[in-house]
Amino acid sequence: MEMPAFFRMLDPFLIWFYRITGYAWVDFFLGTLVLALIAVILGELTISLAFLAVKKHIDQNTEDTVRYQNLSVDAIAAKDKQAYSAANKLANEAFGKSFFHQIALSAAFLWPIPFALAWMQYRFLEVDFPIPFTGYSVGYIAVFLPVYVAAYYLFKRVKYRLPFFRRMKVILDSYENQAKEMKTFADLETRPGKPADAP
Amino acid sequence: MRKKTFIILGVMVALAVVATLTLAHTAQAVSVEQAIAQTPKGMEKGQLNMDAQPGFLGIPGAPQPFWFYGLLWAIWVGWIFSTVGAFGGIMAGVGHITIFGLADFGRAFKKTSPMLNKLITDSIRVSNQWMVGLSALISSTNYYRMGRIVLPLGLFLAGGSVLGAFLIPVLTAGKIKLSAYIGYFGLCVFAIAFVLFYDTTEKGQAGKKAAKAAAKAFEESVRAKDPAATGVELSGTKITSFSLTRVTFTFFGVEFSFNPLWPIIGGFFIAALAAFLGIGGGFLYVPFLTSVAGLPMYIVAGTSAVAVLVGMIISIFSYMVIKGVPVYWPLIGAELVGIFIGSIVGPYTSKYIPDIWLKRLFVILAIYVGLRYTTKGFLGYSIVPPF
């Protein structure tokens with residue numbers, strides 16, 4: 001398959017990382033790790049910007065979700081099945097809205113992956129990695145995905161040392177505290193009256 | 001409990017992958033090169049012009065799914081996701097079939113090269129599943145964090161869905177004609193239009209109003225009395241009776257029951273349909289389990305997200321690894337960019353366009369798309385323009 005102009009432009013820079021040591025296997029994993037790191041950093045940057053752009057909307061959704069979820073937990077604790085069903089219905093609707101929005105927003109984090117895979121497809125489509133003792137082999141996708149996960153955790157370790165992400169952390173931490181305010185059904189386990197709590 | 005849930009799910013996925021590898025090794029779909037080689041060459045309809053510019057999947061003369069169209073369509077998908085809620089998978093699917101002209105191109109080879117026709121069908125299905133799979137992954141993580149995944153039902157549901165998600169790709173990859181796929185997809189879009197339309201009717205809205213009133217009444221009574229101080233004995237999910245036809249359990253003291261056969265049968269058919277059409281099926285699981293099986297929403301929503309995720313992982317795996325179906329990555333990349341732009345635009349427009357009107361707009365579009373796909377798929381022509 002012929003490489004489109006966009007990938008031809010990036011190709012000399014990306015392939016450079018695949019030629020560092022001269023050992024094919026080492027170079028392949030090193031180059032893929034750099035590619036995955038670029039994908040992670042680009043994704044982290046865009047999701048942060050997207051989050052800042054719609055923060056107000058997320059706040060409203062989260063508030064509704066927390067309110068009805070807590071109400072449904074209280075209703076079941078009070079053994080009020082009708083109120084539980086009503087609150088649960090509304091909690092689900094609010095939660096549905098909130099998480100579908102999050103799903104759409106998460107595209108801001110994931111978008112570099114298909115582009116990375118597209119470039120790899122042009123470069124490494126024919127490369128096979130045999131799975132020991134099975135007779136099967138996997139392609140570039142099976143290598144990229146675990147390396148991407150590794151790159152994600154690598155970057156996570158250094159992320160908050162960078163000023164931009166440090167600022168983002170302050171904002172996100174306030175959400176963590178808000179999330180703690182949401183009751184889950186597991187909270188009922190610690191309420192008085194639970195046999196486990198009985199002396 | 002949560003850790004255990006994920007361990008069991010992990011084991012289940014691993015088992016399904018091993019089962020797929022063991023059982024399906026003989027079934028192999030054709031590669032793009034093979035499909036091109038077996039297609040008649042020339043300038044006529046149903047022939048490949050080898051001098052033409054390579055397009056989708058590198059097929060000469062195929063439409064080049066221009067990234068900009070993909071981006072624009074995905075902005076609409078993201079907009080729907082961030083305002084109306086679900087149905088993103090279906091909208092992405094509509095784009096993959098119609099917007100990029102892939103269906104029309106594929107249909108031209110129905111008689112001359114069924115192999116090429118089917119390869120394009122499979123590729124569209126897998127492209128949809130990648131989009132849905134990624135979203136199911138995120139929603140399952142969210143539900144997990146909220147403690148809304150219930151293991152026993154998940155096992156019944158996933159048991160059926162694993163079977164459906166595994167069997168359908170193996171049985172149908174390389175066998176389903178593009179026209180039939182489009183027809184079934186059209187019927188599915190109709191079903192969605194109906195569900196959404198009901199939601200905007202007086203009856204659908206009345207249900208919501210009643211729920212709001214009941215919740216408000218309870219909220220006020222809670223202020224007067226702390227439910228924690230009721231002194232009742234509280235415990236989580238407790239199975240009180242179990243038979244082949246009925247499982248009764250109390251959920252923090254409130255009794256619920258279900259027939260264990262329903263989640264298995266429903267899981268199987270919904271996952272089979274989802275794998276066949278390349279959609280998530282979440283919109284089918286929730287009404288099925290709440291209406292037919294009579295389960296509370298709390299249990300259904302989180303668990304169905306997991307079932308969708310498990311089904312998608314297995315479907316994608318069986319299509320891509322076992323059957324070797326190619327995916328046009330730059331298009332998925334452009335679509336993801338569009339979805340996130342749409343998800344930013346949505347909250348800003350929702351101030352001016354009420355949700356109910358967005359839903360109605362979506363219903364009109366779904367009816368049009370449903371009519372077009374169903375008639376084009378089963379009759380060979382569309383009864384709505386463009387014919």
**Prompt:** Under a Cβ-Cβ cut-off of 15 Å, what is the net charge of the residues other than A:Arg157 that fall near it, where Lys and Arg count +1 and Asp and Glu count -1?
**Reply:** +4
**Residue order, fewest to most surrounding Cβ atoms within 10 angstrom, among A:Glu63, B:Glu202, A:Glu93** = B:Glu202, A:Glu63, A:Glu93
**Asked** Applying 1/(1 + (r/R0)^6) with R0 = 41 Å to the Cβ-Cβ distance of B:Ile353 and A:Met3, what FRET efficiency is obtained, to the nearest 0.05?
**Response** 0.45
**Item:** A:Lys56 versus A:Phe129: modelled label distance in nm, points set 7 Å from Cα along the beta carbon direction
**Value:** 4.6 nm
**Prompt:** With a 10 Å Cβ neighbour count serving as the proxy for reagent exposure, in which order, fewest first, do A:Ser106, B:Ser123, B:Ser31, B:Ser343 appear?
**Reply:** B:Ser31, B:Ser123, A:Ser106, B:Ser343
**Complete:** Which of A:Lys55/B:Lys212; B:Lys203/B:Lys359; B:Lys45/B:Lys177 exceed 23 Å between C-alpha atoms? The answer is A:Lys55/B:Lys212
**Prompt:** Sequence-distant or interchain residues sharing an amide H contact under 5 Å with A:Val138, placed H: which?
**Reply:** A:Phe129, A:Ile131
**Complete:** For the range A:40-51, Karplus-derived ³J(HN,Hα) couplings (6.51, -1.76, 1.60; θ = phi - 60°; whole Hz; x for glycine and proline) come out as 5, 5, 4, x, 4, 5, 5, 5, 5, 5, 4, 4
**Prompt:** Going by how many other Cβ atoms sit within 10 Å of their own, how do B:Ser243, B:Ser382 line up, fewest first?
**Reply:** B:Ser243, B:Ser382
**Asked** What does the charge count near B:Pro385 come to, summing +1 for each Lys or Arg and -1 for each Asp or Glu among other residues with Cβ under 13 Å from its Cβ?
**Response** +2
**Request:** Report the FRET efficiency, 1/(1 + (r/R0)^6), for B:Leu365 and A:Leu10, where r is their Cβ-Cβ distance and R0 is 30 Å, rounded to 0.05.
**Result:** 0.25
**Message:** Taking 0.36 nm per residue of sequence separation and subtracting the Cα-Cα distance, how much length would be gained by fully extending the chain between B:Glu33 and B:Glu220, in nm to one decimal?
**Reply:** 60.5 nm
**Asked** Using 7 Å Cα-to-Cβ label points, what is the B:Leu261/B:Phe194 separation (nm, one decimal)?
**Response** 2.4 nm
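Each reported figure results from applying straightforward, stated rules to the coordinates on display, with no laboratory input. On a predicted model such as this, the values are computed, not experimentally measured, just so you know. Glycine gets a Cβ as well: all are built from the backbone with ideal geometry, and neighbour counts include every protein chain shown.
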